[in-house]
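Data first, discussion second: the structure below is written as structure tokens.
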Amino acid sequence: MAETRNVSFELEAGAQGLRLRALHRPEWEPLCIDWLSADVRRRILAGRKQLLPRALGLHKKADVLIADATAGLGRDGFTLAALGARVILVERHPFVIELLRDALARASTCDEKWAIAACARVEIVQADAREWLRHCPHALDGVHLDPMYPEDGKTALPQKGMQMLRELTDGDDDSAELLRAAMASGAARIAVKRPTKAPWLDERQPNADVVGTQARYDIYLNRR
């Protein structure tokens, strides 16, 4: 059980897999990561022309190595893997790591060949992404950053799963440092998700961007 800032969480075994329960929020349903959910399937079926695959260049070349340095629930990373990328999910919180490993184990033992193939392209690393990126042992083609944006009371609340992660991690407000570490990793391409009207992260102007109705990806390029 983890207890910080008057919040309390615990992991428990459920019928559908490992679950995270917020003991201080008894009204919340426990969180279980399901990479084969209808939502994730929709993302995969939408293909490589979505914002995220385009931001990381998958619409041009799918067989790339991507580090998802803000792994979260792993849905973006698994989607990228299902679209052909090799993906490293980097996460530091031990509870989230256990949820991700459980999701990977369940998806890799399902009876759907595409999902099993996608799982084979996913690696999970428990580390502080800032340090891992600075000493990255791989030649990365891309880094994905989707930092939690500070709540301002003006935007809609995120889904319950993301609200739970926000409370578990206390927001992890180190996004500017993460971007600097991603640039230092030598990755050819860094894609940073931002609300459409949000300022550039770390006041750093991107080389390009791809913009949707509710979000955009700022793209930073490293010369190799």
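Consider V125 carefully, then state whether it is touching a helix residue (DSSP H, G or I) at 6+ places or on another chain (Cβ under 6 Å) and open to solvent by less than 50 Å² (accessible area, probe 1.4 Å).
Details: touching a helix residue (DSSP H, G or I) at 6+ places or on another chain (Cβ under 6 Å): no; open to solvent by less than 50 Å² (accessible area, probe 1.4 Å): yes.
Here the answer is no, as V125 does not meet what is asked.
Tell me, please, whether a residue that is touching a residue at least 12 places away in the same chain (Cβ under 8 Å) and closer than 24 Å to P30 by Cβ can be found in region 56-65. Checking region 56-65: not a single residue is touching a residue at least 12 places away in the same chain (Cβ under 8 Å) and closer than 24 Å to P30 by Cβ. When you look at L99, is it at pLDDT 95 or above and buried (at least 19 other Cβ atoms within 10 Å of the Cβ), yes or no? When the stated conditions are applied, L99 passes them. In contact with a Gly (Cβ under 7 Å, 6 or more places away or on another chain), open to solvent by less than 50 Å² (accessible area, probe 1.4 Å) and part of a strand (DSSP E or B): does that describe A187? Taking the combined requirement at face value, the residue does not satisfy it.
How many residues does region 205-214 contain that are of a type outside the set (A, V, I, L, M), open to solvent by 30 Å² or more (accessible area, probe 1.4 Å) and either modelled with pLDDT under 95 or within 15 Å of L51 (Cβ to Cβ) (or both)? Quick ask: steps written out before the conclusion?
To start, the set of residues in region 205-214 that are of a type outside the set (A, V, I, L, M) comprises 205-207, 209, 212-214.
Those left that are additionally open to solvent by 30 Å² or more (accessible area, probe 1.4 Å): 205, 207, 209, 213-214.
Adding the requirement that they be either modelled with pLDDT under 95 or within 15 Å of L51 (Cβ to Cβ) (or both) leaves 209, 213-214.
The number of residues fulfilling the criteria is 3.
Considering (1) within 19 Å of I219 (Cα to Cα); (2) surrounded by 13 or more Cβ atoms within 10 Å (Cβ to Cβ), the lone condition that K60 does not fulfil carries the number (2). Do we find a residue being acidic (D, E), at pLDDT 95 or above, surrounded by fewer than 19 Cβ atoms within 10 Å (Cβ to Cβ) and within 22 Å of S37 (Cβ to Cβ) anywhere in region 63-80? No, the conditions are met nowhere in region 63-80. Here A85 meets each of (1) of a type in the set (G, A, S); (2) open to solvent by 10 Å² or more (accessible area, probe 1.4 Å); (3) in contact with a strand residue (DSSP E or B) (Cβ under 8 Å, 6 or more places away or on another chain) with one exception, condition (2).
When the residues of region 25-43 are filtered to those that are open to solvent by less than 60 Å² (accessible area, probe 1.4 Å) and in contact (Cβ under 8 Å) with a residue 60 or more places away in the chain, the one that is farthest from A82 (Cα to Cα) is W28. Determine whether A198 is hydrophobic (A, V, I, L, M, F, W, C) and not in a loop (DSSP other than H, G, I, E, B). No. Every listed requirement among (1) closer than 21 Å to Q163 by Cβ; (2) open to solvent by less than 20 Å² (accessible area, probe 1.4 Å); (3) under 13 Å from the mean Cα position of the chain (by Cα) is met by A22 save one, (3). Entry remark, region 114-170: residues being basic (K, R), at pLDDT below 90 and either in contact with a strand residue (DSSP E or B) (Cβ under 8 Å, 6 or more places away or on another chain) or outside any loop (DSSP other than H, G, I, E, B) (or both) number 2 in total.
The values are calculated or read from the model by the stated rules, or taken from the named source; none is laboratory data. Note that the coordinates shown come from a computational prediction; the quantities given were computed from them, not determined experimentally. Positions of Cβ are backbone-derived with ideal geometry, glycine not excepted, and every protein chain shown enters the neighbour counts. Areas reflect the complete protein model, heavy atoms only, side chains present, ligands, DNA and RNA absent. Shrake-Rupley method; radii C 1.70, N 1.55, O 1.52, S 1.80 Å.
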